[in-house]
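First the structure, in the form of structure tokens, and then the observations on it.
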Amino acid sequence: MHHHPYNRKPITVFSFFFLIYHIPQPIEARNPSQFTIKPSRHNVNIPEIKRHLHRFGYLQRNNNNVSFEQALSRYQKNLGLPITGKPDSDTLSHVRLPRCGFPDDVDSKTPPFHTKQKYVYFPGRPRWTRDDNIPLQLTYAFSQENLTPYLTPTQIRRVFRHAFAKWASVIPVSFVETEDYDTADIKIGFFAGDHGDGEPFDGVLGVLAHTFSPENGRLHLDKAETWAVDFHEEKSTVAVDLESVAVHEIGHVLGLGHSSAKDAAMYPTLKPRSKKVDLNVDDVVGVQSLYGTNPNFNLSGLLASETSTNLAADGKLVRSEGMIYSTLSTLFVLGFLNL
């Protein structure tokens with residue numbers, strides 16, 4: 001049946017809002033080069049999953065008290081996945097994601113006032129202390145013999161300066177670069193394969209980096225990775241954002257374990273060609289419980305920004321306090337009301 005165009009009912013402001021509100025889920029543009037995984041039981045088998053659980057602390061070879069299902073359930077809980085105890089699609093996809101090499105299964109005891117926390121500590125809650133230096137100052141240096149061919153020393157130094165600044169902005173700790181690698185508190189380098197610390201790297205993707213608990217200070221990155229600071233310049237489909245990994249590993253240097261909050265900097269996995277360089281509330285509360293609060297930092301501002309997500313410049317839809325809206329539609333309605 002043919003309808004004359006002039007017989008169509010106009011969209012009112014109310015019906016326009018109704019359409020916006022009932023969009024079922026956020027919509028955002030996807031980068032076609034973004035790393036994706038379509039798991040199946042054929043490409044991730046049970047032995048591989050067991051090796052993964054052994055590697056990251058969920059199964060102990062000499063401990064028969066923990067079943068595969070129990071270990072898998074704990075893995076799912078720690079990564080913020082649906083807890084099924086079965087190798088379902090969500091779990092299978094995470095098994096092969098690039099990630100930090102530090103085990104997830106660490107001490108989860110936290111202060112009782114923070115009952116919804118997802119951050120954890122190293123066993124024993126170690127932290128950096130300096131009796132004669134308040135506020136705390138830590139030095140860091142780069143191994144000149146162990147760099148990456150993908151970036152210049154200047155680029156590497158700039159990335160880490162930004163990454164350290166993220167943590168320094170929320171706690172009373174400052175980070176100062178030094179040329180003396182041997183005496184620096186934090187020692188940073190890119191290493192390949194077995195490099196003498198008992199934690200060999202595994203090549204492209206897989207484990208991206210690892211760090212040791214305070215006050216060890218060693219921060220090692222896998223030299224085999226295609227490290228990047230600008231995805232417009234580095235076109236590799238397996239490129240890894242250096243600042244995202246640096247922010248994460250510095251959290252370990254300070255004493256934080258892995259968070260189960262997927263938007264936290266301390267979440268253990270990171271897809272190629274993706275960035276996660278900002279601290280969320282879970283990261284901040286976790287590190288402040290170890291070191292206290294930077295007097296210039298305002299937690300309420302961060303809480304507000306996470307409660308009401310800033311509108312993105314690309315027009316993607318975001319949810320804020322139960323309502324979905326977009327930059328384009330909001331401007332349209334405001335303009336209509338001002339007519």
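The values are calculated or read from the model by the stated rules, or taken from the named source; none is laboratory data. Keep in mind the model is a prediction, meaning the values are calculated, not measured. Here Cβ is always computed from backbone atoms with ideal geometry, including for glycine, and neighbour counts include all displayed protein chains.
Annotations for the structure displayed:
- Matching residues in the range 211-233 - criterion: being surrounded by fewer than 22 Cβ atoms within 10 Å (Cβ to Cβ) and in contact with a strand residue (DSSP E or B) (Cβ under 8 Å, 6 or more places away or on another chain): Phe212, Gly217, Arg218, Lys223, Thr226, Val229, Phe231
- Of the residues making up the range 202-249, those that are over 13 Å from Pro268 (Cα atoms) and hydroxyl-bearing (Ser, Thr, Tyr) are Ser213, Thr226, Ser236, Thr237.
- Considering Asp202, Asp131, the condition of being over 22 Å from the mean Cα position of the chain (by Cα) and not aromatic (Phe, Trp, Tyr) is satisfied by Asp131 alone.
- Per-region count, the range 78-104, residues part of a helix (DSSP H, G or I) and either among the β-branched types (Val, Ile, Thr) or modelled with pLDDT of 90 or more (or both): 2
- Pairs with Cβ under 7 Å, 6+ apart, first in the range 250-261 and outside the structural domain of Ala168 (by TED's automatic domain parsing), second surrounded by fewer than 24 Cβ atoms within 10 Å (Cβ to Cβ): none
- Gly198 surrounded by fewer than 19 Cβ atoms within 10 Å (Cβ to Cβ) and in contact (Cβ under 8 Å) with a residue 24 or more places away in the chain: no
- Any chance Thr183 is of a type outside the set (Gly, Ala, Ser), farther than 20 Å from Tyr291 by Cα and without any contact (Cβ under 8 Å) to a residue 40 or more places away in the chain: no
- Which listed residue, of Gly301, Gly335, is farther than 22 Å from Arg218 by Cβ, of a type outside the set (A, V, I, L, M, F, W, C), modelled with pLDDT of 65 or more and not in a loop (DSSP other than H, G, I, E, B): Gly301
- Which listed residue, of Asp241, Asp185, is closer than 29 Å to Asn296 by Cβ, touching a Lys or Arg at 6+ places or on another chain (Cβ under 7 Å) and buried (at least 17 other Cβ atoms within 10 Å of the Cβ): Asp241
- Hits in the range 186-228 (condition: of a type in the set (D, E, K, R) and under 18 Å from Pro153 (Cα atoms)): Lys187, Asp222, Lys223, Glu225
- The range 269-287, subset buried (at least 24 other Cβ atoms within 10 Å of the Cβ) and either of a type outside the set (Val, Ile, Thr) or at pLDDT below 95 (or both), residue nearest to the chain's Cα centre (by Cα): Asp283
- Close pairs from the range 133-157: first within 15 Å of Leu219 (Cβ to Cβ), partner small (Gly, Ala, Ser), Cβ under 6 Å, at least 6 apart: Thr139/Ala184; Tyr140/Ala184; Ala141/Ala184; Ser143/Gly189; Asn146/Gly189
- Within the range 158-177, the residues that satisfy the criterion of being more than 15 Å from Ala228 (Cα to Cα), touching a residue at least 12 places away in the same chain (Cβ under 8 Å) and of a type in the set (A, V, I, L, M) are Ala168, Val170, Ile171, Val173, Val176.
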